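The values are calculated or read from the model by the stated rules, or taken from the named source; none is laboratory data. Since the model is a prediction, treat every value here as computed from it, not as a measurement. Note that each Cβ is placed from the backbone with ideal geometry, even for glycine, and that neighbours are counted across all protein chains shown. All accessible areas refer to the heavy atoms of the entire protein, side chains included, with ligands and DNA or RNA removed. Shrake-Rupley method; radii C 1.70, N 1.55, O 1.52, S 1.80 Å.
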Amino acid sequence: MNELIRLTATEAVARLQRREVSPLELIDAAAARIAAVEPEVNALPTLCLDRARDHAKRLMAGEGRELEGQAGWLGGLPVSIKDLTDVAGVRTTYGSPIFKEHVPQDSHPVVKRIEAHGGIVVGKSNTPEFGAGGSTFNEVFGRTRNPWNTSLTCGGSTGGGAVSLATGEVWLAQGTDHGGSLRRPGTYCSVVGLRPSPGRVTRGTVNNLFSPLSVQGPMARNVPDLALFLDAMAGWCALDPLTYDAPARSYADAVAAAEAERPKRIAFTADFNGQLPVDRETREICTKAVRAFEAAGCVVEEFAPDLAELGEAFLILRSQAFVVDRELQLQTHRDLIKPDIIWNTERGLKATPSRLAWADRERAAFFRRMAALFARYDVFVTPGAATPAFDVMLRNPETIAGVKLENYMAGSMINAAITLAGCPAVAVPCGFDRYGRPVGLQVVAPPRRDERALQAAALFERASGLDRKVPIDPRPGTVPPAEAPSIAAP
């Protein structure tokens, strides 16, 4: 493995700034690594290396360096962009056969922002169709596999981005998150992913401009790199009415001060007091791992808010987003759309105004319970996913902790609950189960306190040292046997 690939993003940017390495050299290192691992993982099915080299040459000639020296400057660092997000002149399919030959003429505002900060796009990362699903596969490019065990899923929907990081294909990966799409792949692949507060990063061209459910955000191999990439993405955008200005202090500087500004009190739950099914071993690993905060001088107490009927409220509100995005496509291309999306959209079309109002009341009530939690605790920590990575051939796990899942989103509520509260959340690795599958924590902060979530995650990461285990070469393996309900039940 090329030593350049092993550099963290922060280290690589520092070398770029000192002119010890050039953007072209990093692109060549990324290209070689992509060629070596892609046949086994299928993370970056669309490459744009000529476009990347042209961009690098312009940067090296002094063009496009207006933001050099500002927070988030990437200096010519190669990154991946999720295939839901337009890159001008690069095939962008959204994982859908409807758009399998689509080449946009203009880039998404977040891509323009990343490129203005010196990020160089080398490829598009694989995603489920329209980003819907907890496992990354589609009819255009096929399945993306987990590099820790290629018989397993990498999660979804930013699965390709997580794998591109874990294998060393790129140094940073852009993604999106609705019900855990930056957090769950981060957990499954032992990298870090941040769901930012709504409005922190522009969503630009989406039709759901006034909904806080879906966000754009960063993934990286460690928390300092995650903060660096958020600095490149964050800020007000005229095309997104929910955005606001970037903070006066950079997220990178906030993370550097993590130890001095450590949280005083932390609330932890392994399964929301038994309200959610969570894999037994995952509960045990996370419960043990969170004690690292105590060694760092924090008080950790078990506490969780009541979820009430939040799972149903989430499905109702999520389905309305599908109505906005997919109703017209169902009328014209129903035969090309996967069943999960049809189910979500039709569920939304059947919802009555009364049920919509009920769901909003449930969301507001849960937000108030979370606000009460944060009046007492600085951060809230949960497992990063309810179950470790499962068979890559499955759309979703059939059961978790002996509980049969009723739909493909039922295993994501540990993430989706945080989405509904409007909170930022970082997925950070915390260990491995008996089969070598990565397990992680979800570190949650109050709305618009993204720096607090990053600082707490950084504090944990420094204690664990797990960020130093990536990048890795893809590893073949078998699917672990499912635990019997009598063993796995709480």
> Taking segment 478-490 only, how many residues are modelled with pLDDT of 95 or more and either polar (S, T, N, Q) or farther than 26 Å from Pro277 by Cα (or both)?
Replying inline: 1
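Considering each of Arg347, Arg283, Arg355, Arg326 in turn, give the residue that is of a type in the set (Lys, Arg), within 22 Å of the chain's Cα centre (by Cα) and open to solvent by 30 Å² or more (accessible area, probe 1.4 Å).
Going through Arg347, Arg283, Arg355, Arg326 in turn, just one is of a type in the set (Lys, Arg), within 22 Å of the chain's Cα centre (by Cα) and open to solvent by 30 Å² or more (accessible area, probe 1.4 Å): Arg283.
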>> So, in segment 166-178, how many residues would count as being within 10 Å of the chain's Cα centre (by Cα) and more than 24 Å from Leu239 (Cβ to Cβ)?
In response: 0
> On the given criteria, is Ala227 farther than 14 Å from Ile114 by Cβ and surrounded by fewer than 24 Cβ atoms within 10 Å (Cβ to Cβ)?
Replying inline: no
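State all residues of segment 251-281 that are part of a helix (DSSP H, G or I) and over 26 Å from Ser197 (Cβ atoms); if no residue qualifies, say none.
Pass one, segment 251-281, residues part of a helix (DSSP H, G or I): 251-256, 280-281.
Across segment 251-281, the qualifying residues are Arg280, Glu281.
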>> Can you tell me how many residues within segment 81-107 are closer than 21 Å to Ala162 by Cα, in a loop (DSSP other than H, G, I, E, B), of a type outside the set (S, T, N, Q) and open to solvent by less than 10 Å² (accessible area, probe 1.4 Å)?
In response: 4
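Residues in segment 54-99 that are over 26 Å from Val223 (Cβ atoms) and out of contact with any Leu (no Cβ under 6 Å at 6 or more places or on another chain): how many? Before you say what the answer is, go through the steps one by one.
Step one: filter segment 54-99 for residues over 26 Å from Val223 (Cβ atoms), giving 54-66, 86-99.
Imposing the further condition that a residue be out of contact with any Leu (no Cβ under 6 Å at 6 or more places or on another chain) reduces the set to 54-55, 57-66, 86-93, 95-96, 99.
Qualifying residue count, segment 54-99: 23.
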> Do any residues in segment 145-162 that are under 20 Å from Asp340 (Cβ atoms) have Cβ atoms under 9 Å from those of residues that are of a type in the set (Asp, Glu) and open to solvent by less than 10 Å² (accessible area, probe 1.4 Å), where the two are at least six apart or on different chains, and which pairs are they?
Replying inline: Ser157/Asp177; Thr158/Asp177; Gly160/Asp83
> Which of the residues belonging to segment 137-166 are open to solvent by less than 10 Å² (accessible area, probe 1.4 Å) and farther than 24 Å from Arg318 by Cα?
Replying inline: Thr144, Asn146, Pro147, Leu152, Val163, Ser164, Leu165, Ala166
> Failed condition for Gly193, given (1) open to solvent by 10 Å² or more (accessible area, probe 1.4 Å); (2) more than 30 Å from Met60 (Cβ to Cβ); (3) in contact with a helix residue (DSSP H, G or I) (Cβ under 9 Å, 6 or more places away or on another chain), with all others met?
Replying inline: (1)
> Among the residues of segment 435-482 satisfying the criterion of being of a type in the set (Lys, Arg) and closer than 28 Å to Ala304 by Cα, which is least open to solvent (accessible area, probe 1.4 Å)?
Replying inline: Arg437
>> From the list Pro247, Pro198, Pro263, exactly one residue is of a type outside the set (Lys, Arg), under 24 Å from Ala375 (Cβ atoms) and touching a Pro at 6+ places or on another chain (Cβ under 6 Å). Which is it?
In response: Pro198
> Taking segment 331-344 only, how many residues are farther than 19 Å from Ser211 by Cα and surrounded by 17 or more Cβ atoms within 10 Å (Cβ to Cβ)?
Replying inline: 3
> Is one or more of the residues making up segment 395-408 open to solvent by 60 Å² or more (accessible area, probe 1.4 Å) and part of a helix (DSSP H, G or I)?
Replying inline: no
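Taking only segment 56-70 into account, find how many residues are open to solvent by 20 Å² or more (accessible area, probe 1.4 Å) and either within 24 Å of Val140 (Cα to Cα) or outside any loop (DSSP other than H, G, I, E, B) (or both).
Start the filter on segment 56-70 by keeping residues that are open to solvent by 20 Å² or more (accessible area, probe 1.4 Å), which leaves 57-58, 60-70.
Remaining after also requiring either within 24 Å of Val140 (Cα to Cα) or outside any loop (DSSP other than H, G, I, E, B) (or both): 57-58, 60.
Result for segment 56-70: 3.
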> Are any of the residues in segment 245-255 farther than 22 Å from Glu66 by Cα and in contact with a helix residue (DSSP H, G or I) (Cβ under 7 Å, 6 or more places away or on another chain)?
Replying inline: yes
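Taking segment 373-391, which residues are outside any strand (DSSP E or B), open to solvent by 10 Å² or more (accessible area, probe 1.4 Å) and of a type outside the set (Phe, Trp, Tyr)?
In the first step, residues of segment 373-391 are kept if they are outside any strand (DSSP E or B); the result is 373-378, 384-390.
Keeping just the survivors that are open to solvent by 10 Å² or more (accessible area, probe 1.4 Å) gives 374-376, 378, 387, 390.
The answer is Ala375, Arg376, Asp378, Thr387.
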>> Checking the conditions here, which among Gly119, Gly134 is buried (at least 24 other Cβ atoms within 10 Å of the Cβ), of a type in the set (Gly, Ala, Ser) and more than 17 Å from the chain's Cα centre (by Cα)?
In response: Gly119
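Just need a number here: residues in segment 32-52 that are open to solvent by less than 40 Å² (accessible area, probe 1.4 Å) and not hydroxyl-bearing (Ser, Thr, Tyr).
11
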